[in-house]
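First the structure, in the form of structure tokens, and then the observations on it.
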Amino acid sequence: MQWAEALREMSVIESAGAAGEVASVEYDSRHVRAGAAFVAMRGGTTDGNRYIDTAISQGAVAIVTDSRDAYEKLRREHPEIAAAQVQHGRRALAELSAAVLGHPERKLAVSAVTGTNGKTTTAYLLEQMLRSVGRTCVLIGTIETHVGDEVRESPHTTPESRDILQILADGARAGAIEGVRPGATEAVMEMSSHALDQERVWGIPVDVAIFTNLTQDHLDYHGTMERYLAAKAKLFAGVGSAPPRVAVINADNPASVLLMEAAKHSRRMTYGIGGAADYRAESISMSAGETRFTFATIGRSIEIHSPLSGRVNVSNLLAASCAALARGLLLEQIAAAVPRLKQVPGRFQVVPGSAEAGFTVVVDYAHTDDALRNLIALARELAGERGGRVITLFGCGGDRDRTKRPRMGRAAGENSDLVVLTSDNPRSEEPMSIINEALAGVRETTTECIVEPDRAAAIGLAIRAARERDIVLIAGKGHEKVQILRDRTIPFDDVVVAERILKGLR
């Protein structure tokens, strides 16, 4: 795209200089190549304006900056480089990226999921439902990114706009045969509260917006639950785009009242387990690896047979099913797809080899008190059927909301038979300081608690404490493959560690 055309797509305060063709857009100077436009913007931890000279030395032909000082310095020292000053760096990044990439966001119908818990599972389930009727999809989420049949690593739950748009552009080409078959027509993505608040999703039109729930988390960033909810609500108002066509809202969560108001310009679909929701799960029956319920809709109902366990997955299935209906699937197509749905990695993932030991070891991402409570309730239900106990291992992340640590400790102790308290990702904090804050919550209950800061050793303790028919929960990290320490990041996979320990028992 020509620079002059690109300028017209951005809200520019001032511009100077001329450039020809812009080959790409970058916000990380390390990725700049000849012909790129570099967007220098201020962030929470660094200021991209410090790297303008680096970007120019690597071949940038145009610079977009959200700093007046940087713009004036650029005009003095590099008058040969095209420059533009903008008020909002992230908005400019989105607008310029969309323009240079040919507006891929207009080529796919986007379904976006937000909520404290359940985003990843709901997004995975919805993508599978859409694929079940032959639609080519893009998935952008916490665990991995899908571009058609290609699987990519996901460094963030919701990337920067430039990266999202590049994924959408790749998806629009995935499997496409000109004049015969289109590329991806659907995109399903998780939209975190951080991304909504920071406008990383600026200008991306959302067709179907889904709200799973709101419980305490991320107060280290948002400060208050009111601000946390306000960030979530931005999805339903539209972030630099029109409000969603359809809003799918969990009526079982108290925050739904405010989100229904935020979604007043959308067609609203409420879901819930019983109650007065428009779309409900009724007559639920559950056992290990199997859930059955009646999906009652307005005027119709159909029987659902799911391989996923627990009430929390009933809620996730309802959310995905409502979104699938909004995207044009029939009830019969949804019911046919559900029995073939695959479990999300790190979400109630049974560790291979545990059945041979006579008990069950489960790895799960639960990292809030609400998620931990739901996880333990599911394990209690399954263990109770066979007369077993629940052993819960968990830790709390460092440099994150400290107020949830005792809450998580209390949640772990309330319904477990044994708690093993360990380290999660301590980051810059001392592991024992984090553990002691969580331990205060466990001590509000009468449950026995073992403290072991070495996570591998703690997993060993939990597994060796198990008896026949018990369920051992290893919570907090789920799909993650590393542990983040003060001075380094090391490989660490709960599933791999648990498997190794189980082999040693044989």
Quickly run through segment 12-27 and pick out the residues that are within 18 Å of residue 165 (Cβ to Cβ) and either at pLDDT below 95 or over 30 Å from the mean Cα position of the chain (by Cα) (or both). 22, 23
Selection within segment 12-41 - more than 19 Å from residue 200 (Cβ to Cβ), open to solvent by 60 Å² or more (accessible area, probe 1.4 Å) and touching a Gly at 6+ places or on another chain (Cβ under 7 Å): 21, 23, 33, 34
What's the total number of residues in segment 389-403 that are within 14 Å of residue 476 (Cβ to Cβ) and polar (S, T, N, Q)? 1
How about segment 413-460: which of its residues are within 15 Å of residue 476 (Cβ to Cβ) and hydroxyl-bearing (Ser, Thr, Tyr)? 416, 422, 423
What number of residues within segment 482-500 satisfy the criterion of being basic (Lys, Arg) and more than 19 Å from residue 431 (Cα to Cα)? 1
Have a look at 44, 48 and point out the one that is within 29 Å of the chain's Cα centre (by Cα) and open to solvent by less than 50 Å² (accessible area, probe 1.4 Å). 48
Any residue in segment 434-457 that's touching a residue at least 60 places away in the same chain (Cβ under 8 Å): show its pairings with residues that are assigned to a loop (DSSP other than H, G, I, E, B) at Cβ separation under 8 Å, as long as the two are six or more apart or on different chains. 455/395; 455/422; 455/423; 455/424; 455/492
Residues that are under 30 Å from residue 399 (Cβ atoms): list the strands (runs of 3 or more DSSP E) wholly contained in segment 185-300 that include at least 2 such residues. 186-190, 208-211
When you scan segment 218-245, how many residues do you find that are exposed (fewer than 15 other Cβ atoms within 10 Å of the Cβ) and touching a residue at least 60 places away in the same chain (Cβ under 8 Å)? 1
Report whether or not residue 67 is closer than 13 Å to residue 6 by Cα, at pLDDT 95 or above and open to solvent by less than 30 Å² (accessible area, probe 1.4 Å). no
Being within 12 Å of residue 125 (Cβ to Cβ) and surrounded by fewer than 21 Cβ atoms within 10 Å (Cβ to Cβ) is the filter here, so list the residues in segment 338-355 that pass it. 340, 341, 342, 343
Considering residues of segment 184-201 that are closer than 16 Å to residue 119 by Cα and polar (S, T, N, Q) only, the residue least open to solvent (accessible area, probe 1.4 Å): 193
Inter-residue pairs, beta-carbon under 9 Å, first of a type in the set (Phe, Trp, Tyr) and in segment 246-274, second in a helix (DSSP H, G or I) and at pLDDT 95 or above, 6+ apart: 271/315; 271/318; 271/319; 271/321; 271/322
Does residue 359 count as more than 17 Å from residue 419 (Cα to Cα) and among the aromatic types (Phe, Trp, Tyr)? no
Which condition breaks for residue 333 when tested against (1) closer than 18 Å to residue 120 by Cβ; (2) in contact with a Ser or Thr (Cβ under 9 Å, 6 or more places away or on another chain); (3) surrounded by fewer than 19 Cβ atoms within 10 Å (Cβ to Cβ)? (1)
Note on segment 256-269: residues open to solvent by 10 Å² or more (accessible area, probe 1.4 Å) and either touching a Phe, Trp or Tyr at 6+ places or on another chain (Cβ under 7 Å) or closer than 20 Å to residue 370 by Cβ (or both) are 256, 257, 258, 262, 266
So is residue 364 surrounded by fewer than 17 Cβ atoms within 10 Å (Cβ to Cβ) and under 24 Å from the mean Cα position of the chain (by Cα) or not? no
Filter result (more than 27 Å from the chain's Cα centre (by Cα), modelled with pLDDT under 95 and either buried (at least 24 other Cβ atoms within 10 Å of the Cβ) or among the basic types (Lys, Arg) (or both)) within segment 380-395: 386
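The values are calculated or read from the model by the stated rules, or taken from the named source; none is laboratory data. Predicted model, so just to flag it, every value in this text is computed and none were measured. Cβ coordinates were reconstructed from backbone atoms using ideal geometry, including for glycine residues, and neighbour counts include every protein chain displayed. What goes into the accessible areas is simple: the full protein's heavy atoms, side chains included, and nothing from ligands, DNA or RNA. Shrake-Rupley method; radii C 1.70, N 1.55, O 1.52, S 1.80 Å.
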